[in-house]
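A.B. asks: Following this message is one structure expressed as structure tokens.
The values are calculated or read from the model by the stated rules, or taken from the named source; none is laboratory data. Remember, it's a predicted structure, so these values are computed and weren't measured experimentally. Quick reminder, even Gly has a Cβ in these numbers, built from the backbone with ideal geometry, and neighbours come from all protein chains shown.
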Amino acid sequence: VSGRLLGVGVGPGDPDQLTLKALAALRGADRVFVPATESSAGEQGRAERIVAAHLPTASLTRLAFSMRDRTRRPRRWDEAAAAIADVVGAGGTAAFATIGDPNVYSTFTYVAATVRRLVPEVELETIPGITAMQDLAARAGVVLSEGSEPLTLLPFSAAGQEALAEALDGEGTVVIYKGGARLAGLLDAIRAAGRLDVAVCGQDVGLGDERIGAAGSFDGTAGYMSTIVVPARRTAGRGEKL
Ligand SMILES: C[S@@+](CC[C@H](N)C(=O)[O-])C[C@H]1O[C@@H](n2cnc3c(N)ncnc32)[C@H](O)[C@@H]1O
């Protein structure tokens, strides 16, 4: 019998944003794995906090990941995959909870690929989750796209200045992930494109200490868990971009 591995998106932070499908998958799994940061051992991770609002914490298994140390990262993926392979190799169903959506910049992608190498017959499935970008748009009252406008999602860390400047040069909405720690440089680029007045930033969206506001009001620093939305240039009248 082949086991199953489900990548379950649990939303950006608010436990109420876990979908019914995700909840059923978590409840029905033989083992539920949640990521934890190795540097903050003993602390509940974000995904775990969301899941723990719905399931008994004792039923959750933590997997340690290394966020900062690049050399340790692959080893942690291997260890996580081995623990999951124990479950799916025996024909069981493992669920891996991941914040937001499992197909958007998620560790699940690497873990799943490694599990597949260990247990080639594993059935892989993902369950979508609400992303930080969607929650921020809703909370900040920003329309992400309308009519023919493109919507660009960039990670600031890897894309760097050039890709960002190119996207900001266009007409559409630009969403930036992973840019909180270098917010000052990010805001400079948005200002240079003449779009700072409409840009919004959300830090820890959906959590108790969230902060949502004009990007310019964040004085140059925000945490890693921050998302910036630069809404499309909209001068046309209603529906004119259709
Ligand atoms: C590794 S990616 C995870 C993305 C996630 N899988 C998703 O679908 O939204 C981490 C980035 O997601 C964004 N993010 C995730 N959760 C967030 C939250 N609660 N508030 C603000 N930004 C968040 C931040 O830009 C952060 O740097």
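A.B. asks: Just to be sure before I move on: is Thr126 surrounded by 19 or more Cβ atoms within 10 Å (Cβ to Cβ), farther than 24 Å from Gly179 by Cβ and within 16 Å of the ligand (Cβ to nearest atom) in the structure I sent?
C.D. replies: For Thr126, the condition - surrounded by 19 or more Cβ atoms within 10 Å (Cβ to Cβ), farther than 24 Å from Gly179 by Cβ and within 16 Å of the ligand (Cβ to nearest atom) - is met.
A.B. asks: Sticking with this one: Return the pairs, sorted by first residue and then second, in which the second residue is of a type in the set (Asp, Glu) and more than 13 Å from the ligand (Cβ to nearest atom), the first residue lies in region 98-117 and is farther than 20 Å from Ile176 by Cβ and touching a residue at least 24 places away in the same chain (Cβ under 8 Å), the beta carbons are less than 7 Å apart, and the residues are 6+ apart or on different chains.
C.D. replies: Thr114/Asp78
A.B. asks: Among the listed residues Ala189, Ala214, Ala199, which satisfies the condition of being of a type in the set (Gly, Ala, Ser) and farther than 26 Å from Gly13 by Cα?
C.D. replies: Ala189
A.B. asks: How many residues does region 137-182 contain that are in a helix (DSSP H, G or I), more than 16 Å from the ligand (Cβ to nearest atom), of a type in the set (A, V, I, L, M, F, W, C) and surrounded by fewer than 18 Cβ atoms within 10 Å (Cβ to Cβ)?
C.D. replies: Of the residues in that region, 1 qualify.
A.B. asks: Residue check: is Ile84 part of a helix (DSSP H, G or I) and either within 11 Å of the ligand (Cβ to nearest atom) or touching a strand residue (DSSP E or B) at 6+ places or on another chain (Cβ under 6 Å) (or both)?
C.D. replies: Yes, satisfied.
A.B. asks: Right, something else. Counting just the residues of region 33-59 that are more than 19 Å from Pro12 (Cβ to Cβ) and aliphatic (A, V, I, L, M), which one comes out surrounded by the most Cβ atoms within 10 Å (Cβ to Cβ)?
C.D. replies: So, considering only residues that are more than 19 Å from Pro12 (Cβ to Cβ) and aliphatic (A, V, I, L, M), the one surrounded by the most Cβ atoms within 10 Å (Cβ to Cβ) is Ala41.
A.B. asks: Against the definition (surrounded by 15 or more Cβ atoms within 10 Å (Cβ to Cβ) and more than 17 Å from the chain's Cα centre (by Cα)), how does Glu121 come out, yes or no?
C.D. replies: Against the criterion (surrounded by 15 or more Cβ atoms within 10 Å (Cβ to Cβ) and more than 17 Å from the chain's Cα centre (by Cα)), Glu121 does not qualify.
A.B. asks: State whether one or more residues within region 107-128 are under 25 Å from Asp14 (Cβ atoms), in a strand (DSSP E or B) and not acidic (Asp, Glu).
C.D. replies: yes
A.B. asks: Looking at region 44-81, which of its residues are small (Gly, Ala, Ser) and at pLDDT below 95?
C.D. replies: Result: Gly45, Ala58, Ser59, Ala64, Ser66, Ala80, Ala81.
A.B. asks: Okay, next question. Restricting the search to region 192-217, which residues are in contact (Cβ under 8 Å) with a residue 12 or more places away in the chain and more than 16 Å from the ligand (Cβ to nearest atom)?
C.D. replies: Ala192, Ala193, Arg195, Leu196, Asp197, Val198, Gly216
A.B. asks: Out of the residues in region 1-23 that are polar (S, T, N, Q) and over 16 Å from Glu121 (Cα atoms), which is nearest to the ligand (Cβ to nearest atom)?
C.D. replies: Selected residue: Gln17.
A.B. asks: How many residues, within region 108-150, are acidic (Asp, Glu) and within 24 Å of Val229 (Cβ to Cβ)?
C.D. replies: Qualifying residue count, region 108-150: 3.
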